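The structure appears right after this line, and notes come after that.
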Amino acid sequence: MRALKSGFGYLCLAAAVWMAAAGARAAEPAPTKDFMKETKEERDARMKWWREARFGMFIHWGLYAVPAGEWNGTKYGGGVEWIMNYAKVPAAEYEPLLKKFNPVKYDPAQWVRIAKDAGMKYIVITSKHHEGFCLWPSKCTDYTVASTAYGKDLLKPLAEACKAEGITLCFYHSIMDWHHPDYLPKPGWETNPNKDANFDRYVGHLKKQLKELIEGYGPLGVLWFDGQWENTWTHERGVDLYNYVRGLQPNIIVNNRVDVGGQGAAGDFGTPEQTIPAKGLPGTDWETCMTMNGTWGYSAHDLDWKSSQDLIRKLVDIASKGGNFLLNVGPTGLGEIPPASVERLAAMGKWMKVNGEAIHGTAASPFGKVSFGRVTAKPGKIYLHVFNWPKDGKIELPGMESKVTKAYLLADPGKKALAFTVSQPGPRVVEIQVPAEAPDADASVIALEYEGELKVQPRLPDTMAADEKGVFTLMAEAADIQGTGSLAFEADKKCLGFWTSKDDVPSWTIRVTNPGRYQVELTHACKDGSAGTPFEVRIGRQSVKGTVSATGSWEKFTTGIVGTLEIGRGGSPRVRVVPLEAPKEGVMNLKTIRLIPVQ
Ligand code: FHN
């Protein structure tokens, strides 16, 4: 901000320094209580609107929308909101974007209508991303929209539009800040790092900005933290920030990226990114965040758009596992949501107009895998989302113990009853006669009304069988995951990652037809600085022990034998990978386990 340091800015900085010297904490309201100790009833009441919402809009918007993925003639892929990092742009060379940022086409009321018409119930917008630029005229820095060519508050009219349309406003706020003079660690590419940087002072600044946001634009639905992974952020700071924010607005919801993860971490829901956990995250509130193309911030050249059918089916898949879908748009530097995003959201809205009741307010399916698509549930009704419309006119739902009283297509305004039979005794299979043509090629929904409590025959775990050579291949995406909600399947690397807690345990159930000795082979990646975590692969009462080796990076996978063990006769034992100690950063990125019979 060197070129633009205003007198006011210095004044604010001086005040901040004074407060730091005088113990800034004294100026902040100490957390009135440990909000993590709330009762289940209190938590359920606080989470209720969010759980019922199921679908929200993520908005990544900042100075990065101006370069739009290109810097000095070089085009960058991936999340181009990182262009300052990709192109190694020091703050002094990035700040001139302020004078180019002039979103004269910004129409927040239109943005909110696009979200609402798509069936979205909340909006999470980046009040400040890693670049440090603030979308509101914060009093604690002049690195804000007030210093841009546009000059006006971007968040206030959005807050008003959300209120007018009944959409819940939420803010994404990055802990990591590549611009603020007190943030640490300094970006490696910064050529003029502030030698007097003081992270405690930065945290005081962070808290004061959050106070501005909550008191100036709230009450908010969610504070969506991010950028918590650098070594200056700790579990203690995460818990402190969680309590600070809840102290400002007790019923606010905070995501799990306020903390560094692990057992006892602060945060109200898990945040798998660009991926949908194979089995959801049982016992944890969670939300998948995802881009429509390959970038969060606007890129002029990323045209790799997901189809609207794919996005509709992802929404259904996530809801069927009890999660929320936070789907991203990256507005341009002029303030327009890209037409490709608007088209997809309109298609999703057309589908939601007919089928929204099968998403909003639903809970995870209690059924196992079904051949036709997915299932969502709410009291008195379950919804069969059919992706693959049957040629023989029959849809089968196995395991339904409760008495079905009616079946009908949501696409049928008259709700004409569909004929159905229930096979019994033995496994209860509801077989529904459906018309020859699917009402909706993307997903057709059949509502099944039932009497009393929803009772479902116990679902057998999805068991893995050996191949013709007797080898079991256990893939990351097929893993059951128990634990804190941090460990998740990373679609881009096709591995289990974000493994930051020893309490996170992936497992698979195998069906043994060939008992005997097996080699245990693991394919994993681990950055050098995080190697060394001891672990066990346990199958029933048998186990082999290993230590995670370094492979050079989180993307560089190697395969090796951990050891051999005996797998007993019959049954369906579970295969578990159990860390024996807390990892330095992450246990490993686990791609595959193979159990190879020893001849
Ligand atoms: O680094 C950010 C990225 O730019 C984007 O904001 C995503 C959205 O969840 N979060 C971080 C990457 O995990």
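Numbers below:
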quantity: Conditions (1) buried (at least 20 other Cβ atoms within 10 Å of the Cβ); (2) within 16 Å of the ligand (Cβ to nearest atom); (3) at pLDDT below 95; number of the one not met by GLN228; calculated: (3)
quantity: Answer residue from region 375-406, given it is touching a helix residue (DSSP H, G or I) at 6+ places or on another chain (Cβ under 7 Å) and not aliphatic (A, V, I, L, M) and is modelled with the lowest pLDDT among those; calculated: PHE387
quantity: Selection count, region 129-171, where residues are within 19 Å of GLY56 (Cβ to Cβ) and touching a His at 6+ places or on another chain (Cβ under 6 Å); calculated: 0
quantity: Among (1) touching an Asp or Glu at 6+ places or on another chain (Cβ under 6 Å); (2) open to solvent by less than 10 Å² (accessible area, probe 1.4 Å); (3) over 30 Å from GLN309 (Cα atoms); (4) away from the ligand (no atom under 16 Å from the Cβ), the one test that THR144 misses; calculated: (1)
quantity: Residues (open to solvent by 20 Å² or more (accessible area, probe 1.4 Å), over 20 Å from ALA149 (Cβ atoms) and part of a loop (DSSP other than H, G, I, E, B)) located in region 47-85; calculated: ASN72, GLY73, TYR76, GLY77, GLY78
quantity: Condition met for ALA91 (touching a residue at least 12 places away in the same chain (Cβ under 8 Å) and farther than 19 Å from ASP226 by Cβ); calculated: yes
quantity: Selection count where residues are farther than 18 Å from THR126 by Cβ, within 15 Å of the ligand (Cβ to nearest atom) and open to solvent by 40 Å² or more (accessible area, probe 1.4 Å), scope region 257-283; calculated: 1
quantity: Residue that is farthest from MET57 (Cα to Cα) [pool: residues in region 296-323 that are touching a Phe, Trp or Tyr at 6+ places or on another chain (Cβ under 7 Å) and not in a loop (DSSP other than H, G, I, E, B)]; calculated: ARG313
quantity: Pairs with Cβ under 8 Å, 6+ apart, first in region 121-143 and closer than 15 Å to TYR172 by Cβ and of a type in the set (Gly, Ala, Ser), second open to solvent by 10 Å² or more (accessible area, probe 1.4 Å) and within 13 Å of the ligand (Cβ to nearest atom); calculated: GLY132/TRP178
quantity: From ASN255, ASN251, ASN194, residue being within 20 Å of the chain's Cα centre (by Cα) and polar (S, T, N, Q); calculated: ASN255
quantity: Selection from region 348-368 of residues that are open to solvent by less than 30 Å² (accessible area, probe 1.4 Å) and hydrophobic (A, V, I, L, M, F, W, C); calculated: MET348, TRP351, MET352, ALA358, ILE359, PHE367
quantity: Complete set of residues in region 574-599 that are in contact (Cβ under 8 Å) with a residue 24 or more places away in the chain, part of a loop (DSSP other than H, G, I, E, B) and open to solvent by 30 Å² or more (accessible area, probe 1.4 Å); calculated: LEU580, GLU581, ALA582, LYS584, GLU585, VAL598
quantity: Qualifying strands (runs of 3 or more DSSP E) (wholly inside region 488-556; at least 2 residues being free of Cβ contacts under 8 Å to residues at least 12 places away in the same chain and open to solvent by less than 10 Å² (accessible area, probe 1.4 Å)); calculated: none
quantity: Qualifying residue in region 371-389 (condition: outside any strand (DSSP E or B) and of a type in the set (A, V, I, L, M)); calculated: no
quantity: Where ASP182 falls short, out of the listed (1) within 16 Å of the ligand (Cβ to nearest atom); (2) at pLDDT 95 or above; (3) assigned to a loop (DSSP other than H, G, I, E, B); calculated: (1)
quantity: Filtered residue count, region 147-179, keeping only those that are assigned to a loop (DSSP other than H, G, I, E, B), charged (D, E, K, R) and either open to solvent by 10 Å² or more (accessible area, probe 1.4 Å) or away from the ligand (no atom under 16 Å from the Cβ) (or both); calculated: 2
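This table checks each residue for (1) among the aliphatic types (A, V, I, L, M); (2) touching a residue at least 24 places away in the same chain (Cβ under 8 Å); (3) touching a Leu at 6+ places or on another chain (Cβ under 9 Å).
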| site | (1), (2), (3) |
| --- | --- |
| LEU345 | yes, yes, yes |
| GLU357 | no, yes, yes |
| GLY361 | no, yes, no |
| PHE372 | no, yes, yes |
| GLU431 | no, yes, yes |
| GLU437 | no, yes, no |
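The values are calculated or read from the model by the stated rules, or taken from the named source; none is laboratory data. Note that the structure is predicted; figures quoted are calculated from it, not measured. Note: ideal-geometry Cβ built from the backbone for every residue, glycine included; neighbour counts use all protein chains shown. Accessible surface is based on the protein model in full, side chains and every heavy atom, while ligands, DNA and RNA are left aside. Shrake-Rupley method; radii C 1.70, N 1.55, O 1.52, S 1.80 Å.
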